[in-house]
Amino acid sequence: MQDDQVLLEELKNGQVSALKSLHDRYARFLYFTALQILGSEDEAKDVVQDFFADFWHKKRYLDVRGNIRSYFFQSVRLLSLRQLDTKKNRAAIVRSITDTNTSTLYQIDPAENSQIRLELTEAVKSLPAQQARVFDLAIMAGKKRKEISTELGINVNTVKTHLADALKTLRKKLIHLR
């Protein structure tokens with residue numbers, strides 16, 4: 001079994017096999033770290049997969065100083081906490097948009113809430129079909145990226161891209177509601 005520092009040097013020299021070795025060595029540990037925070041097996045797997053993809057594609061291995069296990073642990077821990085925070089925020093936003101009696105974020109009358117819902121519906125209709133479908137499944141139906149991927153027969157990363165693009169477009173179209 002190679003030393004982590006040797007594997008890190010091999011990564012810096014572009015050897016993909018070093019990434020596989022690090023993945024094989026730490027993925028299970030990182031998965032349980034993410035699972036402990038998120039409480040969802042699918043989300044924990046997504047976080048670990050996203051971490052390793054980002055680590056490789058964005059050449060984050062060039063920034064590692066010291067103990068690689070600590071670096072991996074801290075990175076996955078922070079990604080998991082961000083994911084948890086995003087999930088909570090998304091749930092609060094959906095509740096605020098869909099609750100006709102009271103809003104958790106805004107105190108508005110039902111007529112105004114109805115107008116917001118109508119504007120949101122129209123904005124979603126203006127999205128490309130696949131983006132709109134992914135948005136509906138992720139935000140309105142609360143499905144996980146993996147579930148959406150399976151249901152639509154597309155890659156999980158494509159789901160992420162569609163969702164990010166849809167949210168970006170909707171933020172621009174609905175900025176006047178802030």
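Provide a single number: the residues in the range 162-178 that are surrounded by 14 or more Cβ atoms within 10 Å (Cβ to Cβ) and either free of Cβ contacts under 8 Å to residues at least 12 places away in the same chain or closer than 12 Å to Asp46 by Cβ (or both).
Total meeting the criteria: 0.
Name the residue that is surrounded by the fewest Cβ atoms within 10 Å (Cβ to Cβ), counting only residues in the range 4-29 that are in contact (Cβ under 8 Å) with a residue 40 or more places away in the chain and within 30 Å of Lys143 (Cα to Cα).
Checking each candidate, the answer is Phe29.
Does the range 30-42 hold any residues that are open to solvent by 60 Å² or more (accessible area, probe 1.4 Å) and either touching a Leu at 6+ places or on another chain (Cβ under 7 Å) or at pLDDT 90 or above (or both), and which are they?
Result: Phe32, Glu41.
Which residue is nearest to Lys172 (Cα to Cα), if the candidates are limited to the range 110-153 and must be modelled with pLDDT of 85 or more, surrounded by fewer than 16 Cβ atoms within 10 Å (Cβ to Cβ) and aliphatic (A, V, I, L, M)?
Checking each candidate, the answer is Ala129.
How many residues are closer than 19 Å to Glu41 by Cβ and either without any contact (Cβ under 8 Å) to a residue 40 or more places away in the chain or in contact with a Phe, Trp or Tyr (Cβ under 7 Å, 6 or more places away or on another chain) (or both) when one looks only at the range 139-156?
5
Restricting the first residue to the range 110-133 and requiring it to be farther than 27 Å from Leu152 by Cβ, which pairs with a second residue that is modelled with pLDDT under 85 and open to solvent by less than 20 Å² (accessible area, probe 1.4 Å) meet a Cβ separation below 8 Å and a spacing of at least six or different chains?
Filtered contacts from the range 110-133: Asn113/Ser103.
Are there any pairs with C-beta distances below 6 angstrom linking a residue in the range 51-80 that is under 18 Å from Phe29 (Cα atoms) to a residue that is surrounded by fewer than 16 Cβ atoms within 10 Å (Cβ to Cβ), with the two at least 6 apart or on different chains, and if so which?
Filtered contacts from the range 51-80: no entries.
The values are calculated or read from the model by the stated rules, or taken from the named source; none is laboratory data. Quick caveat, the model's predicted, so the values are computed rather than measured. Cβ atoms come from the backbone with ideal geometry, glycine included; neighbour counts cover every protein chain shown. Each accessible area value is taken on the protein alone, full model and side chains, heavy atoms only, with ligands, DNA and RNA left out. Shrake-Rupley method; radii C 1.70, N 1.55, O 1.52, S 1.80 Å.
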